Amino acid sequence: MKIVRKVSNRLKALFLNGKAESELDDEMQFHLEMEIEKNLERGMSPFEARRSARVSFGGMEQAKEDCRDAWGIRFLQDSYRNLRFGLRLCSRYLNTSILAVVVLSMGIGIASMMYTMSSKLLDTSSGADLDDRQLYIQWELGTAQGEPFSSHDFKVLRSEVDSLEDLAGIQNSGFWFSLPLKKDEGKQYKGVKVTANFFELVNAKPILGNSFSDQDAQSYEAREIVISDLVWADFFDRDKAVLEAEVMLNGDQCKIAGVMPTGFAFPRDQQIWMATDWREFDGKPRASAPKIGVTGKLKPGLGLDQARAELETIASNLAVAYPETNEERTRVRLTPYREQFVDDDAKAILYLGLFGSLLVLTFLSTNVFQIIMGRTAIRSHELAVRRSLGAKRSHVIWQVVVDGLALSGMGAIFGIGFAALGLRVISDQLSVFEMPWLHDFQLTPGVFLFAIGAALFAGIGSSIIPAWRASRMNSFSILKDDSRSSSSIYIGWLSKAMITFQVLFSSILLFLSVMLLWPSLFMDSLEMPYDKNTVLTAGMQLGADPQFEEPRDVERLYPRLKQKLMATPGVRAVALGSGKFGIMGDLRGIEIEGEEEDKGSSMRISQISTATPDFLDVYGLKPLSGRMINAFDSEESLTVCVVNSHFVDTHCKNVDPIGLRLKIEQGSNGYSEWITIVGVIPSLMPNLPGTKEEIDRLFSQILLPFAQHPLWNPTILLSAQNADNDRYRLAIRESVKELAPLVRFQGPILTIGEGLSFVSRMIDTISLGGKFLGGAILVISIIGLYSIIAFTTNQRRKEFGIRIAVGSNAWGVMKSVMRPWALTIGSGLILGFISVLSLLVGLHSFSVSNGGMEEDLRGYTPIFLTVAAIVGLATLIAMIIPARRAAKINPMDIIRAE
Amino acid sequence: MELMQGTLDMLILKILASGKRHGYDISKRILLLSNSSLKVGHGSMYPALHRLEKKGFVNSMMGETARGRSAKFYELTKHGREQVEQEKQQWRDFVAVIDVILEEG
């Protein structure tokens, strides 16, 4: 009851404040009049009676202040009054207010964008309702990443496990989605093949239609699929008649069973879900089975250890039954699904993002600090009057802090708008990737809360020191000699330290933003030793088709496939290769005949790829020496390889490589048999920057004959003048479908140029962020520095007027304005240089200790020089405007004002 | 004589125990009852009244004086009456203890 009464009293006092004030006035007036009447009755003159009553009462204003304190709403009243006052101040000092609001809105906007993007990138639920019992299950092989299960192992685990409610399998897949009569007007989407229980297990329901039944997973004719809201909008304009519509998926006819709600893209950024049970791999060699992600839900009341123990018992039985594939796979890794994709790297990104936001906020607080310090110094007379009238120190502090909060409040409003605009630009830039987790940035309630927190941080952080210093001012001195005392609260070691920190922060942040521009410049200058738009690549999954019992069987498909593709007008060459775009291979250890085993063993690594004899024809290149792999390099003949020029420069310096023999590391099975080098081919790698030694080591490559080292997942390479023309993609799809209907493609069919521009687009977006950040920091820096230099110059107007009057020229005055700041700004630049260098050395050491390449830090000199030039120019602009203004002072105006 | 710190609230409550009064009346009453020995600073009495009202010991209302002037009157609440008795007892105990120390000393 006591609390209710208190609250009701306070609310009454707050809302009836006008009435309470009027009652207080009346009460005091009544007292005074009664005392006057009494004095008159005693025979005093009216003047004396009034004077005596006033003296007897004491300080009436102080008594009123004490009464207001007693009401207990003082804080709220003061805040409201100070806020109104703060807003009036904003219009009175319009220039500094606009500067502060611009700085704050940029800073809060950038910080909110960084927060939105980091939190979005770390949200791995992709619209699914996951709880802590939802697990991601993999083989534990003691490496940083676990290994997915094969479909064979998954089926055994699923049938035997008891501690989990059920297991769902997930296999990522690329789908070419089109309508039956418009096969060429389709679109590539990321999709996933899942077990029929998938949606049930992740607590997701379609907004339209149904999810899968067990029959859907078993039926391979006119399969049912579930599509995302995005696909529904793209192809059906969200028409509800979409259900049961017939569509083409990678050329196969399918039916749409359901549509998922907006934002659902589980497990990561998928748009199409197809039910499967991987039966096509049943009875096939275990090595050919696809690797699939596995998720399961722990039964209530059971712990991770119990589930792990049970799964590892099943795994041990598998290892006994299938030692050739499962001997080392006896331990499992169980991770709560929500944490699976938030690994240490992702956490580091989050912390880096939050640290960056904090850095930006601190930086902007330093700038706003300077602006508020200047405003407070100008207001020192008014604050001194308030102090003299009885205001406590806390009241003065709160008045200045509310001024800061009024500015940061406005900054937050514009900052959110700024963030919304920035996120829209970035989203548009990234939308081509069809990855909602990467581009669908929304302003959630969490972002608004973050912006409010950022505004409070910036508002209080930037005003508390000026407020504290203002509350300690000597009111008497201020009222006696306003200008000298007021500037004393402002100019001092603290302001100079702030300027130094500001230049330091600007240098660090600008360096980071210029670093973000670098990859884009690098991508623009990237060149391949052939025309990258003439080679189309398509990764195949042979294991999906029962006609292939082993990888070697592709030899039955390839000649016919090549014949069909070569018949397509415009096709110049066709080959099979391995790895990404057919050029990047697996990095493995090698041993060269005649070399001591332990000598420089860490240097003996190379990329290993596999190719058909026509491989170089696709790129329009010829062997440099020896011969290329040819049709005689069969399973029965001598095992041979060709190496690229980087390999020769790295491993065969001063030695003719032709005829040399080497062995390749084969996982836990040791090394392969001796393989003879029969030829040297030119490099197919891009012109990366770096020393020749580094590049040679990175791109050293061994090419093995496909016939001797067949693969389950080869890449088709097709050469044509305009290989990005859709007819070549269609030709590959149609030809493969005709010859091997069940073979699937891995990912989209792209030219090497398209693949690079995919990466380039992403890098361009990062670069855009760098430009955005760099521009904002420059504007903020100039504003912050300008505000303090302009203020101090203004305080010295009289001095400059006298100097000009006694004959000083404009340049002399300008030097006098700039000289005091040159040392402070110079110190900031030097500290910034040292900090950035320490940061670089630290990152480089960390990278090298984690297996990264040694790098010459002198390569960063252009960035250093660019940043130093930009910061130098910015500080010069900030100094030169007030200096020029000082040089134009008319001495007569100063003398007249005196 | 200056009032001892903390006693003003008790005196105001005691004065109001005899009925509702306005601020000026309370200050005159204290002066009268103390034979003009205790001078209450008006600047401290009004904040004390407002504080007691906030604590719920007194209520205020607008009323008319005997001369027909409008003024703000204060009266004790039930809670205030209990507080008067409690403070009187505390004061007596305090004085007794101080007396003992002074006598013994």
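What follows is calculated from the coordinates using simple rules that are stated; it is not laboratory data. Bear in mind that the values here come from a model prediction, so they are computed numbers and not experimental data. We place every Cβ from the backbone using ideal geometry, glycine too, and count neighbours over all the protein chains shown.
Restricting things to Cα coordinates, could you compute the convex hull volume per residue of chain B in Å³? Intermediate values should be presented prior to the final figure.
Working: hull volume 11.4 nm³, N = 105.
Cα convex hull per residue, to the nearest whole number: 109 Å³.
Peptides A:875-882, A:737-744: what's the order by average Cβ count within 10 Å, highest mean first?
Values: A:875-882: 19.4, A:737-744: 17.1.
Put in order of decreasing packing, that is A:875-882, A:737-744.
How large is ³J(HN,Hα) for each residue in segment A:397-409, as worked out from phi by the Karplus curve 6.51 cos²θ - 1.76 cosθ + 1.60 (θ = phi - 60°), to whole Hz, x for Gly and Pro?
So the Karplus estimates, Gly and Pro as x, are 4, 5, 4, 6, 5, 5, 4, x, 5, 4, 5, 5, x Hz.
Let me confirm one metric for peptide B:37-49, namely the mean number of other chain beta-carbon atoms within 10 Å of its residues' beta-carbons.
The per-residue average across the peptide is 5.
Would you mind checking the tilt of helix A:344-378 against the longest principal axis of the Cα atoms of chain A, expressed as 0 to 90 degrees and rounded to 10?
Tilt relative to chain A: about 20 degrees.
For residue A:472 paired with residue A:302, estimate the spin-label separation in nm (one decimal), with each label point 7 Å from Cα along the Cα-to-Cβ line.
It is 6.5 nm.
Could you give me D for segment A:659-739, from Stokes-Einstein at 25 °C and 0.890 mPa s, where the hydrodynamic radius is the Kirkwood radius over C-alpha pairs? Units µm² s⁻¹, please.
Numbers: Rh = 16.7 Å.
Taking Rh from Cα pairs, D becomes 147 µm²/s.
With a cap of 11 neighbouring Cβ atoms within 10 Å, and only residues DSSP puts in a loop, list the GluC sites (Glu not before Pro) found in segment A:671-700. Walk me through the numbers before you get to the answer.
Values: sites: A:673, A:693, A:694; in loops: A:673.
Those satisfying the criteria are A:673.
Report, by chain and number, residues whose modeled amide H sits under 5 Å from the one on residue A:585, excluding near sequence neighbours (fewer than 5 apart, same chain).
A:608
Could you tally the net charge around residue A:735, taking each other residue with its Cβ under 10 Å from the Cβ of residue A:735, Lys/Arg +1 and Asp/Glu -1?
Working: positive: A:560, A:562, A:564, A:733, A:737; negative: A:734, A:738.
After counting each charged neighbour, the total is +3.
For the Cα atoms of chain A, what angle does the longest principal axis make with the long axis of helix A:304-321, in degrees from 0 to 90, nearest 10?
Helix A:304-321 sits roughly 20 degrees off the main axis of chain A.
Between residue A:694 and residue A:555, with labels modelled 7 Å along Cα→Cβ, what's the label distance in nm to one decimal, could you check?
For residue A:694 paired with residue A:555, the spin-label model returns 4.3 nm.
What are the extents of the Cα atoms of segment B:45-92 along their three principal axes, in Å, largest first?
39, 20, 20
Arranged from highest to lowest average of other beta-carbon atoms within 10 Å per residue, in what order do the peptides A:623-636, A:787-800 appear?
Highest mean packing first, the order is A:787-800, A:623-636.
Please compare each pair in A:155/A:562; A:120/A:737; A:64/B:88; A:187/A:532; A:532/A:562; A:190/A:299 to a cut-off of 27 Å on the Cα-Cα distance and tell me which ones are over it. Don't jump to the answer; show the numbers that get you there.
Numbers: A:155/A:562 36 Å; A:120/A:737 39 Å; A:64/B:88 29 Å; A:187/A:532 22 Å; A:532/A:562 21 Å; A:190/A:299 31 Å.
The answer is A:155/A:562; A:120/A:737; A:64/B:88; A:190/A:299.
Go through A:24-32, A:394-402, B:19-27 and give me the packing order, highest mean Cβ count within 10 Å leading.
Ranking the peptides A:24-32, A:394-402, B:19-27 by packing returns A:394-402, B:19-27, A:24-32.
Using the Karplus curve 6.51 cos²θ - 1.76 cosθ + 1.60 with θ = phi - 60°, work out ³J(HN,Hα) for each residue of segment A:638-646 in order, rounded to whole Hz, and write x for Gly and Pro.
Taking θ as phi minus 60°, the curve returns 4, 6, 10, 7, 10, 10, 8, 5, 5 Hz for segment A:638-646.
Taking residue A:663 as the anchor, which lysines have their alpha carbon closer than 30 Å to its alpha carbon, excluding any fewer than eight residues away along the same chain?
Those lysines meeting the cut-off are A:284, A:291, A:580, A:599, A:622, A:653, A:692.
Compute the distance in nm between two label points, each set 7 Å from the Cα along the Cα-to-Cβ direction, one at residue A:758 and one at residue B:101.
My value for the distance between the label points is 8.8 nm.
Size of the dipole of chain A about the Cα centre, Lys and Arg at +1 and Asp and Glu at -1 on the beta carbon, nothing else charged, in debye to 20? Walk me through the numbers before you get to the answer.
On the way: 93 positive and 100 negative charges, 1170 e Å.
Approximately 5620 debye in magnitude.
So what's the back-of-envelope 222 nm ellipticity for the protein assembly as shown, counting only DSSP H runs of four-plus at -39500 (n - 2.57) apiece and dividing by all residues, rounded to 500? Before the final figure, lay out each step's value.
On the way: 35 runs with 557 residues, N = 1003.
When only DSSP H runs of four or more count, the value is -18500 deg cm²/dmol.
Taking each residue of B:12-23 in turn, how many C-beta atoms of other protein chains fall within 10 Å of its C-beta, and what is the average?
Working: counts 0, 0, 0, 0, 0, 0, 0, 0, 0, 0, 4, 5.
That average works out to 1.
Along the charge dipole of the protein assembly as shown, which of B:8, A:111, A:52 sits closest to the positive end, that is, farthest toward it, with unit charges on the beta carbon of Lys, Arg, Asp and Glu (+1, +1, -1, -1)?
Result: A:52, furthest along the dipole toward the positive end.
How tilted is helix A:2-15 with respect to the longest principal axis of chain A? Cα atoms for both, answer in degrees (0 to 90, nearest 10).
On a 0 to 90 degree scale, this one is about 70.
Across peptide B:51-61, what mean number of C-beta atoms from other chains lies inside 10 Å of a residue's C-beta? Please list the in-between numbers first.
Working: counts 6, 1, 4, 9, 5, 5, 0, 0, 0, 2, 0.
Neighbouring Cβ atoms belonging to other protein chains average 3 per residue here.
About the Cα centre of segment A:715-834, what is the dipole size in debye to 20, counting +1 per Lys and Arg Cβ and -1 per Asp and Glu Cβ, all else neutral? Show your work: numbers first, answer last.
On the way: 13 positive and 7 negative charges, 161 e Å.
Here the size comes out at about 780 debye.
Please turn the phi angles of segment B:17-30 into ³J(HN,Hα) values with the Karplus equation 6.51 cos²θ - 1.76 cosθ + 1.60 (θ = phi - 60°), one per residue in order, whole Hz, x for glycine and proline.
5, 8, x, 6, 9, 8, x, 4, 4, 4, 5, 5, 5, 5
Can you check what the Kirkwood hydrodynamic radius comes to for chain A, Cα pairs only, in Å to one decimal?
Values: mean 1/r = 0.0297 Å⁻¹.
Taking every pair of different Cα atoms in chain A, averaging 1/r and inverting gives 33.7 Å.
Using +1 at the Cβ of each Lys and Arg and -1 at the Cβ of each Asp and Glu in segment A:36-100, identify which of A:99, A:71, A:89 lies farthest towards the dipole's positive end.
Farthest towards the positive end: A:99.
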